[in-house]
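Trainee: One structure coming up, written as structure tokens, with questions to follow.
The values are calculated or read from the model by the stated rules, or taken from the named source; none is laboratory data. Just so it is clear, the model here is predicted, and its values are computed rather than measured. Note: ideal-geometry Cβ built from the backbone for every residue, glycine included; neighbour counts use all protein chains shown. For the accessible areas, the whole protein counts, side chains as well, though only heavy atoms, and no ligand, DNA or RNA atoms are used. Shrake-Rupley method; radii C 1.70, N 1.55, O 1.52, S 1.80 Å.
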Amino acid sequence: MTLSIRFDNSYARLPDRFFSRQAPEPVRAPRLLALNRPLAEALGLDPEALAAPEGVETLAGNRLPEGAEPLAQAYAGHQFGGFVPQLGDGRAILLGEVVAPDGTRHDLQLKGAGRTPYSRMGDGRAWLGPVLREYLVSEAMHALGIPTTRALAAVATGEDVIRETRQPGAVLTRVAASHVRVGTFQYFAVRKDTDALEALARHVMARHYPETETVLDMLGAVLAAQARLVAQWMGVGFIHGVMNTDNTSVAGETIDYGPCAFLDGYHPDTVFSSIDQFGRYAYGRQADIAVWNLAQLATSLLPLIDPDRERAIEAATAALHGFPDLFKAAWLDVFRPKIGLGTAEDGDAELIHGLLDLMAAERADFTNTFRDLAEGLSPGRLRDRAGIEAWTGRWQARLDREGTAASAAQTRMRAANPAYIPRNHRIEAAIAAARAGDLAPFERLHRVLAHPFDPQDEARAFRAPPAPGEEVRQTFCGT
């Protein structure tokens, strides 16, 4: 069965200094682990052809489909605040850009496809755990309605990779609006390559923000997209874990799922990443980090904003100073429906934070507290009864002023508060089973996460927080 992919590779038409042309390294014994058939169909790809031997060879990197122009992208980045002038795709190969039947353009990338000129001391491979983790979490994010890269397929390689121990190798086929990052602009800015910056900006404007006319317009569009994205993360208790500038997509998508995690017990200082020792990327700091990252983008764009550096700095600074208001508005757009509100009042932020403060004091389960509210139980698991009764009184008065009936509020809340998230202990259990050859827990979890707002009575166990001994307190990059 012949696999046909409609490629149109605009990034490969940029100057050669944007990337290194690089074919994937073949693997020994590719075997399909998971295939996202609905996504394949949305991209105009034949799922049966992808699941056939030729398709699996393509998904593993052993066969190049017609029209592919494989390359590894160059970029730089601030990693935990320290600047690295050259990073790049060290274990990922962009096969090309697929134009879907609806006209949208999507990168098709193989993650774990072998060494590239940017691999440094790495082997360019990925192991099964991070591949299945990104598959589950990215698809869960999509089901939650949050912009994200997506997983088309996971393939076992039949080869081991060496990390702390031997681990089974795997390749993830990732789909993205693009893989242009803040760090891509930084790569050329540090080299004072204004021509490349101009070409990259025009590429991003044409691809992602065709409504913009100037580079300053583009900066404003990226600021707004990142404000919305981070607010949506906050609304489901998501912690990216490694918000470096090279992990910040200018398309406004969640990208590079490494040590990410979802809150069980809520506290704004929560950190899971094993490498985030000082809490730089804690749950409650994500908006601050987003604007810090975007300041690095603005700095990179200064030569394109205005030839007079002082005027460029003034214009970029004014744009950045608008981020707090953009984020606050986006955050309220996310959290108002979480407590059933359909209109805006000046005191809404204080009302929402009042509930969050009660939750933080007890480290109440983030997802279940809001879902309880949606199911008419009030935040019933909180022990501070006096505190919750006082808050419930203020909340009910706010609903009354709005004229929203309880049934309407609950309908709004059920649509805004998921019952099911990718809980860390469930992901780890699915990975452990897959390493032992059993993909059933992975497949079951994936099915549940595909419908996060539905009751799914047969899957109620998946709503439970981790029992003692099941807690996952640290997550790892999994390179």
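Trainee: Can you tell me which residue among E470, E428 is open to solvent by 70 Å² or more (accessible area, probe 1.4 Å), in a loop (DSSP other than H, G, I, E, B) and on the phi < 0 side of the Ramachandran plot?
Mentor: Answer to the selection: E470.
Trainee: Under 8 Å by Cβ, and 6 or more places apart or on different chains, what pairs join a residue from the range 69-86 that is at pLDDT below 95 with one that is surrounded by fewer than 21 Cβ atoms within 10 Å (Cβ to Cβ)?
Mentor: F80/I275; F80/D276; F80/R280; G81/R280
Trainee: I would also like to ask the following. Go through the range 11-32 and count every residue that is surrounded by 14 or more Cβ atoms within 10 Å (Cβ to Cβ) and in a loop (DSSP other than H, G, I, E, B).
Mentor: Result for the range 11-32: 8.
Trainee: To continue, here is another question. Which members of the range 166-185 meet the condition of being open to solvent by 10 Å² or more (accessible area, probe 1.4 Å) and not in a strand (DSSP E or B)?
Mentor: Matches in the range 166-185: A177 only.
Trainee: Of the residues G44, G114, only one is at positive phi and open to solvent by 10 Å² or more (accessible area, probe 1.4 Å); which?
Mentor: Criteria check complete, one pass: G44.
Trainee: If you scan the range 259-318, which residues turn out to be among the basic types (K, R) and modelled with pLDDT under 95?
Mentor: R280
Trainee: Still on this structure, please answer the following. Check off (1) closer than 22 Å to D46 by Cβ; (2) touching a Pro at 6+ places or on another chain (Cβ under 8 Å) for A196 and give me the number that stays unchecked.
Mentor: (1)
Trainee: Here is a further query. Only one of these is touching a helix residue (DSSP H, G or I) at 6+ places or on another chain (Cβ under 6 Å), under 22 Å from H446 (Cα atoms) and open to solvent by 20 Å² or more (accessible area, probe 1.4 Å): L35, L50. Name it. Break it down into steps so the answer makes sense when it comes.
Mentor: Details: L50 fails: open to solvent by 20 Å² or more (accessible area, probe 1.4 Å).
Sole residue among the options that is touching a helix residue (DSSP H, G or I) at 6+ places or on another chain (Cβ under 6 Å), under 22 Å from H446 (Cα atoms) and open to solvent by 20 Å² or more (accessible area, probe 1.4 Å): L35.
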